[in-house]
Each structure stands twice: as structure tokens, then as C-alpha cells.
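The values are calculated or read from the model by the stated rules, or taken from the named source; none is laboratory data. The structure presented is a predicted model; accordingly, all values stated were derived computationally and were not measured. Neighbour counts run over all protein chains shown; Cβ positions are idealised from the backbone, glycine included.
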Amino acid sequence: MPSKIGEKLAKIVTCKVAYDRQALDLYSVDASSYIVRPSAIAFPENEKDVMKIVRFALRNKTSVTPRGAGTGLVGGSLGTGIILDMRHFDKIKVGRRFVQAGSGVSKGILDDTLRRHNRFLGPNPSIGPFCTIGGMIGTNASGSHSLKYGSTADNLIQVKMVTSKGSIVTLPKKNNTTKKILAIVKPQMQRQFPRVSKNSCGYRIDKIRSGNDLHKIMAGSEGTLGIITSAMLKTFDLPKQSILTIISYKSLKGAVIDVPKILKLGPSAVEIIDHNIIKHITAKTPNSTKCLLFVEFDDNISKKKAKVKDVSSGKIIFSTTRYDQIMQWWTFRNSALSYSLKSISRQETVSSLIEDATVPVHRLPLLLDLVEYLTSRYPMRVITYGHVGNGNLHIRPILKKKDAHLIKKIALEFFSGVISIGGTITGEHGDGLARSEFVKLQYGDEVYSIFKKIKQFFDPTNTFNPGKIISN
Ligand SMILES: Cc1cc2nc3c(=O)[nH]c(=O)nc-3n(C[C@H](O)[C@H](O)[C@H](O)COP(=O)(O)OP(=O)(O)OC[C@H]3O[C@@H](n4cnc5c(N)ncnc54)[C@H](O)[C@@H]3O)c2cc1C
């Protein structure tokens, strides 16, 4: 049956609106395991279309959920109302040290464009070219090079967006509204945020120190505060040369204990994959290998190469400055999620609830102790990989399908443990449908009530992506 909302919307906008069964099926899913059927999908071509659609949603009491490429892992781009596919917001303007990009610009096209200017964007999610700028801002995405170049929040200079009233605003902006938001965002609240180098849980009010930072509230806001149409982001000079060193360890603990020492050398990336992933890669590793560290430097490479050997207790199995070889190894690392899915039997299931914890790097051994404790208590095994240099491990619990009901209990214990060791329950993938109900557990009542005020301020009618971040 055609959607009434879709039919009505199609009459008032000139852009494409889809509400046939196939389209609704397609947009019911993203890269998570959730399924939520929308009422209609709109493909706005300009800001006026977005403004019209938002005003339509207000009048018709339906919701609006912006969507980039749908590669999010927590159901952030799924909703029951109107899905806004932002693909037509695809303009790129390259500046000397920044880039202005439409929210629908795909990361791959942006990378190619910037490369021609000898520049690159710092945050590089392992999904590679397939995500969009809007989705990266929406989740405060990061990647292997965020260790040196920061998350999306750290690289955001300006954001243009459509507000819940259906008007356009560019942040940061010095006006009365800014003063009101600064009054809600109490600076002393920053103490209640985990001291980690990346965090995608809740609203990042800790990044707002003055009115000049106001746009950073959009990083990690998951489409709940406004529809981003374009953004200005920092760019960096492409490194002249890089060196990638692969180190084999007999245990995960041994590897994470080395990480703080390696960080002192100033690497551009330190990543980890465990034996579940290693068994799928084509490179040869010693039989005793339980995990591999990927350590990359993109400056002073000859000096740093020698020093890695001094500080590491593992066995260096490969080191290269050859671009094609470096890319090959990064492909192994970036395929970790699909390799982990290959490591699961038909009787097993993998959770999307626990998969993105981030702790202060020197506390990584405590995070592994926590996992060991949980695997001894519950019938589960784990697959581990991730951005270990940032303390961000994608620990994926694998349970037999018959034990899947235990996951909520395990998650509660895991999240409580992560928080007690000073970490965040999500370093880069966000809250979405998976973790929004745990945002209060992360920050406590006081900070959560500030988050509610932020939501109320930006979106008093709860039109934008309801149920994400603020769940009650
Ligand atoms: C194999 C794999 C590897 C991954 N590796 C990483 C990684 O290394 N690091 C990482 O951070 N993430 C990673 N991800 C997760 C995901 O790729 C990133 O979060 C990515 O930035 C999402 O972009 P997207 O365009 O697909 O966004 P979507 O999934 O479409 O949306 C994500 C969120 O952003 C919001 N959003 C989208 N567009 C807008 C807009 N215009 N205005 C406001 N809000 C908007 C959506 O509502 C949603 O809440 C990975 C995913 C996969 C499948």
C-alpha cells in the first residue's frame, strides 16, 4: 500500500520522493542489524527542498531522519517517518587548508579531489570511500589516522544546517542563540566526560568552550539536532613518505602494554587485529601469533623505525615504505569487520550492542581483564580489533543463537566496567538504536538532563531522528 505521507509529500516538493515497497525495504536497513520501515524517502536537491520537507513534517507530525550512505553500525539512519537521502548535496570546494563539502559528498570522491591538491582529510573510517561527510559528522567518525589527526569533531570548522523550524543557520554564530546554548552547556560538566581521545556517546558539549566552538555540537549528534547541508573541515598536507611496521605478539595483553611506549614516538596510526582476523589474511605470520600491531609513522621515518624496535616486546615481522605494500596491509586491517563475520558459525550470532568501547590507553589492560572476566562468566567468545592507539577496541562478543538473550545483561556489566575504568561505551560509531538507552548510564542524571535541554532547544517538537541519543 502506498504511504500516505509519501503521496502528500510528493505533491508539495519538486524533488524525487519514493514510497514504493522496494524503496521502503531498501531504506529499512543500514550496516547494523536493525530493521525499521520508513514512511517515505525524499531526495532533496537543495536547501529549499530540505526546508520544505522539515516544515511538512512539522505540520504532519512525522519525523525526519537524515541519511548519508547508510554505513552506520548502530541503526542511526533508520526511522519510521521521512528519510532524507542527502546524495544531491555533493559540491566540493577546496581551500588552502580546508575543504567545504556538501553533506552528501562521499568520502572516496573527496579523497580523490583532495589528493589532486596534495591534501587529505584526517578522520578515515575503515569503511573507506563509502561513507559521506554528513554521516561522518553525524557519528563523529574517526579512523586509524585519527590518532594523529583527530576525530571529525576536531576537524570541523563550520556547519551549515536546516533547523527544526525549517530555516537555515551556519554555526558558529555570534548572537543571542549562542548565548542561550552556552548557558545550557555548563563548562564544569566537562569534568564528567571520560578522558579519552575519542568519544561518540551523547552530545559532545565538552568540546564547546566558547561560542566559537558551537558547531561542534553537531559532531556525533546523529541527525537529532538539525539537517547538515554542508560543512567546512580542516585538511592536511599529504605526507611525503610513510613507514608501516607489523609486529606480532603472543598475547593481546602484551601488545596493549606496549602501546603507550609506542605512542611516545608520535605514530600516525597504531591498530590491532586478533587471531580471528589474522587467519583470513594472506600474509604469513609466525605460528605463535595471537595478534598483530600495525604501527605507522608519516614523519621522521628512519629515526622512528629504529626506535619502535627498542620499545616493542613483540616480533617485527614486516616493515615497508612501499605505498602498494602499505595499502595492502591497510586493506587487511580495514577488512576486519567482514573477516570477523566470516569467523562466525551458523549457530552463532554477533552483537551490535558492544563493539566500540574506548578507554584511556594506559588502562587497556584493565579493559582486557574485564573481557576475560565476562567470557569466564558467560557462554561467549570475543573477536577483537580496532584503533588501539586511541584506546578504542572493537570487541565483538559472539554467542550461540540460543544464548542471544544474555546480551543485554552482558552489555550492562560491560558498559558499567568500561565507565568505571574511565572509558566511553562508544568511541566512534555512536549511540543509535543500539546504545541510546545507555547514554544516561555513561554520564549520569545531571549531564543527561543537559543533553535533554540541548535537544529541546534545537528540536522542541522531537522531529529530527527521534529516539536516538535521547531515549526517554
Ligand atoms: C566495515 C565498516 C567499517 C567501519 N569503520 C569505521 C571506522 O573505522 N570509524 C568510524 O568512525 N566508523 C566506522 N564505520 C561506521 C560508519 O562507516 C561511519 O559512522 C560513517 O561515518 C557513517 O557514514 P554514512 O554516510 O554511512 O552515515 P549514515 O549511516 O547514513 O548515518 C550515520 C548517522 O549520521 C546522521 N546523518 C547522516 N547525514 C546527516 C546529515 N546530512 N545531517 C545530520 N545528520 C546526518 C544519520 O542520521 C545517522 O544518525 C564502519 C562501518 C562499516 C560497515
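In summary, Lys179 fulfils each of the numbered conditions (1) within 14 Å of the ligand (Cβ to nearest atom); (2) of a type outside the set (S, T, N, Q); (3) touching a helix residue (DSSP H, G or I) at 6+ places or on another chain (Cβ under 9 Å) with the single exception of condition (1). All of Val359, Val382, Val418 fail the test of being of a type in the set (A, V, I, L, M), in contact with a Gly (Cβ under 6 Å, 6 or more places away or on another chain) and touching a residue at least 12 places away in the same chain (Cβ under 8 Å), apart from Val359. In region 211-218 there is at least one residue that is surrounded by fewer than 24 Cβ atoms within 10 Å (Cβ to Cβ), in contact (Cβ under 8 Å) with a residue 40 or more places away in the chain, outside any loop (DSSP other than H, G, I, E, B) and polar (S, T, N, Q). Applying a threshold of 6 Å to beta carbon distances and a minimum spacing of six or more residues, or different chains, the list of pairs starting in region 328-354 at a residue that is modelled with pLDDT of 95 or more and ending at one that is in a loop (DSSP other than H, G, I, E, B) and more than 15 Å from the ligand (Cβ to nearest atom) reads Phe332/Ile281.
Annotation: Arg396 fulfils all but one of (1) more than 27 Å from Leu58 (Cα to Cα); (2) more than 22 Å from the chain's Cα centre (by Cα); (3) of a type in the set (Lys, Arg); the unmet one is (2). Out of everything in region 101-131 that is without any contact (Cβ under 8 Å) to a residue 24 or more places away in the chain and within 11 Å of the ligand (Cβ to nearest atom), what residue ends up being nearest to the chain's Cα centre (by Cα)? Out of the qualifying residues, it is Asn124. Residue pairs whose Cβ atoms lie under 7 Å apart, sitting 6 or more positions apart in sequence or on different chains, and linking a residue in region 72-98 that is within 16 Å of Thr132 (Cα to Cα) and assigned by TED's automatic domain parsing to the domain that holds Val13 to a partner that is assigned to a loop (DSSP other than H, G, I, E, B) and among the basic types (Lys, Arg), are Gly76/Lys468. Contact map, region 287-307: first residue at pLDDT below 90, second residue surrounded by 12 or more Cβ atoms within 10 Å (Cβ to Cβ), Cβ cut-off under 6 Å, separation 6 or more or different chains; pairs are Lys304/Leu265; Lys304/Phe297; Lys305/Ile243.
Flag set for Lys198, criterion: in a loop (DSSP other than H, G, I, E, B) and either touching a Leu at 6+ places or on another chain (Cβ under 9 Å) or charged (D, E, K, R) (or both). Within region 444-472, residues that are without any contact (Cβ under 8 Å) to a residue 60 or more places away in the chain sit with their Cβ atoms under 6 Å from residues that are surrounded by 21 or more Cβ atoms within 10 Å (Cβ to Cβ), at 6+ positions apart or across chains, in these pairs: Lys452/Ile470; Ser471/Ser436. Pairs linking a residue in region 132-150 that is within 17 Å of His215 (Cα to Cα) to a residue that is among the basic types (Lys, Arg) and assigned to a loop (DSSP other than H, G, I, E, B), with Cβ atoms under 9 Å and 6 or more positions apart or on different chains, are Asn140/Lys198; Asn140/Arg204; Gly150/Lys198. Here is the figure for region 226-245: residues that are away from the ligand (no atom under 16 Å from the Cβ), of a type outside the set (A, V, I, L, M) and outside any loop (DSSP other than H, G, I, E, B) total 4. Scan region 187-195 and give yes if some residue there is more than 27 Å from Asp49 (Cα to Cα), aromatic (Phe, Trp, Tyr) and either assigned to a loop (DSSP other than H, G, I, E, B) or modelled with pLDDT under 95 (or both), otherwise no. There is at least one residue in region 187-195 that is more than 27 Å from Asp49 (Cα to Cα), aromatic (Phe, Trp, Tyr) and either assigned to a loop (DSSP other than H, G, I, E, B) or modelled with pLDDT under 95 (or both).
Please go through region 10-60 and pick out each residue that is more than 15 Å from Gly166 (Cα to Cα), surrounded by 21 or more Cβ atoms within 10 Å (Cβ to Cβ) and of a type outside the set (Ser, Thr, Tyr). Of everything in region 10-60, those that are more than 15 Å from Gly166 (Cα to Cα), surrounded by 21 or more Cβ atoms within 10 Å (Cβ to Cβ) and of a type outside the set (Ser, Thr, Tyr) turn out to be Val17, Asp30, Pro38, Ala40, Ile41, Ala42. Only residues that are within 12 Å of the ligand (Cβ to nearest atom), part of a loop (DSSP other than H, G, I, E, B) and more than 14 Å from Gly202 (Cβ to Cβ) were counted in region 415-464, giving 1. Among the residues examined, Lys307 qualifies as surrounded by 15 or more Cβ atoms within 10 Å (Cβ to Cβ), more than 16 Å from the ligand (Cβ to nearest atom) and under 20 Å from Lys148 (Cβ atoms). The residue of region 70-100 that is farthest from Leu121 (Cα to Cα), among those that are more than 13 Å from the ligand (Cβ to nearest atom) and of a type outside the set (A, V, I, L, M), is Thr80.
Restricting attention to region 312-336, the residues that are under 20 Å from Ala255 (Cα atoms) and either within 16 Å of the ligand (Cβ to nearest atom) or surrounded by fewer than 15 Cβ atoms within 10 Å (Cβ to Cβ) (or both) total 8.
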